[in-house]
Amino acid sequence: MSLLVIDRETVHALLPMGECIDLMREAMVALSTGKTKQTLRQIIPLEAGAAFGVMPGAAAQVFGAKVLSVYPGNFALGIQSHQGFVALFDPADGAPVAMLHAGEITAIRTAAASAAATRVLARQDAHRLAILGYGEQAHTHARAMALVRPLSGIVLWGRSRERAAVLARRLEDELSLPVRLADSVRDAVAEADIVCAVSAAPEPILEGAWVAPGAHINLVGSSTAATREADDALVARGRLFADHREGVLRQGGEVIHAIAAGLVGEDHVLGEIGEVMAGSLDGRRADDEVTIYKSLGAIVQDLFSGWHVYRRALAEGRGFAASF
């Protein structure tokens, strides 16, 4: 039995952001039209804020699972926080066919999914981007947003101004856009048309009163029921869509907290972003509405990304074949 092992560099080369944004649209439509199967993410908390997770699922062309650890402290060491692998199986005979670098797939597909959501929810004239955070997802989200809206500039906020400045210089070089460092979250989002919250903050850093009318918000950094980047007021104010509705209602900290506070009910999660993409659910209805995409990550995103990379690697003779 032959298994193709695909490393980080090969994933990066074979999964360009622009292609992944289109893949994420396909993936989310497939999820929301019942063409995929998945369970809720299984997460085991570890020491010092780390976690171990398993995400199984199936699509028409492939089934498999992502198995990974999340170590937030790795960022300070220059190591990816998400480490593990995506295992792919061929539904024709059930054989495992590939293992791919999960950290790189996650880095790309998470930002690409936010960009796909932004493409259908943000105002057409949106051009001012605010990013809350300075880690890997801040970098990939800036790259992704620049592909779906003609950005005029970026405002960046992070707890460490020094680390934020490093990312700002990198983004200016890569995107040829001006990047301003904000003194506060309020300053960062005051005039933003698009806000990407990718800070991994355990408690709210973004308040609804600070967000400008007509803004689109991608809530990405909080991925557990016990953590949240935005306050209840923002959740209640926004027209909110989930990547996976059941997952967000069970594991989305911002939504769970706002429901427990009695400010909204479960019906405040209007549906899934895949329904908007498929045309079965209205997205933005007016230029002054605040729209929110709550992302937890869905295994279908990894499966579509992984299968794309696997097929390209086979065609180009890349990856490392292993027999067992």
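The values are calculated or read from the model by the stated rules, or taken from the named source; none is laboratory data. This structure is a prediction, so every number in the text was calculated from the model and none was measured. With ideal geometry, Cβ positions are generated from the backbone for all residues, glycine too; neighbour counts draw on all protein chains shown. Surface accessibility is based on the protein's heavy atoms, side chains included, excluding ligands, DNA and RNA. Shrake-Rupley method; radii C 1.70, N 1.55, O 1.52, S 1.80 Å.
Sorting the segments 111-119, 196-204 by their mean number of nearby beta carbons within 10 angstrom, highest to lowest, gives 111-119, 196-204. Label separation (Arg318 vs Arg159): 3.6 nm, computed from points 7 Å beyond Cα along the C-beta direction. Please identify every one of the GluC sites (Glu not before Pro) in segment 155-216 that sits in a loop by DSSP and has no more than 13 other beta carbons within 10 Å of its own beta carbon. Counting only loop positions with at most 13 other Cβ atoms within 10 Å, the GluC sites (Glu not before Pro) in segment 155-216 are Glu191. The slack in the chain from Glu203 to Ala236, taken as 0.36 nm per residue of separation less the alpha-carbon distance, amounts to 10.2 nm. Over segment 129-200, Cα pairs under 8 Å with separation of 6+ residues give a relative contact order of 48 percent.
Carbon-plus-sulfur fraction of the accessible area of the chain, 1.4 Å probe, in percent? Carbon-and-sulfur percentage of accessible area, whole number: 53. Each DSSP beta bridge with both residues in segment 60-188 is either parallel or antiparallel, and the antiparallel ones are about 60%. Approximating the spin labels as points 7 Å out from Cα along Cα→Cβ, the Leu40-to-Val166 distance works out to 3.7 nm.
Of the residues Ile105, Ile259, ranked by 1.4 Å probe accessible area with the largest first, the sequence reads Ile259, Ile105. Compute the FRET efficiency between Gln61 and Glu191 as 1/(1 + (r/R0)^6), taking r as their Cβ-Cβ distance and R0 = 35 Å, and round to the nearest 0.05. The computed FRET efficiency comes out at 0.20. Taking every DSSP helix (H) stretch of at least 4 residues in the chain, weighting each as -39,500 (n - 2.57) and dividing the sum by the residue count yields a mean residue ellipticity at 222 nm of -11500 deg cm²/dmol. Counting only protein heavy atoms and using a 1.4 Å probe, the accessible area of Met55 comes to about 20 Å². Relative protection proxy for 244-251, 275-282, from highest mean packing down: 244-251, 275-282 (other beta-carbon atoms within 10 angstrom).
Seen from His127, the other residues with C-beta closer than 12 Å to its C-beta sum to a net charge of 0, counting Lys and Arg as +1 and Asp and Glu as -1. Spin-label model, Arg250/Glu19: points 7 Å from Cα along the beta carbon direction are separated by 3.3 nm. Taking packing as the residue-averaged number of other Cβ atoms within 10 angstrom, the listed peptides 128-135, 226-233 run from highest to lowest as 128-135, 226-233. Each of Ala126, Thr110, Val54 was scored by the projection of its Cα onto the charge dipole of segment 9-134, and the greatest displacement toward the positive side belongs to Ala126; charges sit on the C-beta of Lys, Arg, Asp and Glu. Counting 0.36 nm for each residue step from Asp93 to Ser176 and taking away their Cα separation leaves a gain of 25.1 nm.
Here the contact order of the chain, divided by its residue count and restricted to Cα pairs under 8 Å and six or more residues apart, works out to 22 percent.
How far is helix 299-316 tilted off the main Cα axis of the chain, in degrees rounded to 10, range 0 to 90? Long axis of 299-316 versus the principal axis of the chain: about 50 degrees. Accessible area per residue for segment 1-124 in Å², computed with a 1.4 Å probe and the full protein assembly in place, what is it? For segment 1-124, the solvent-accessible area averages 43 Å² per residue.
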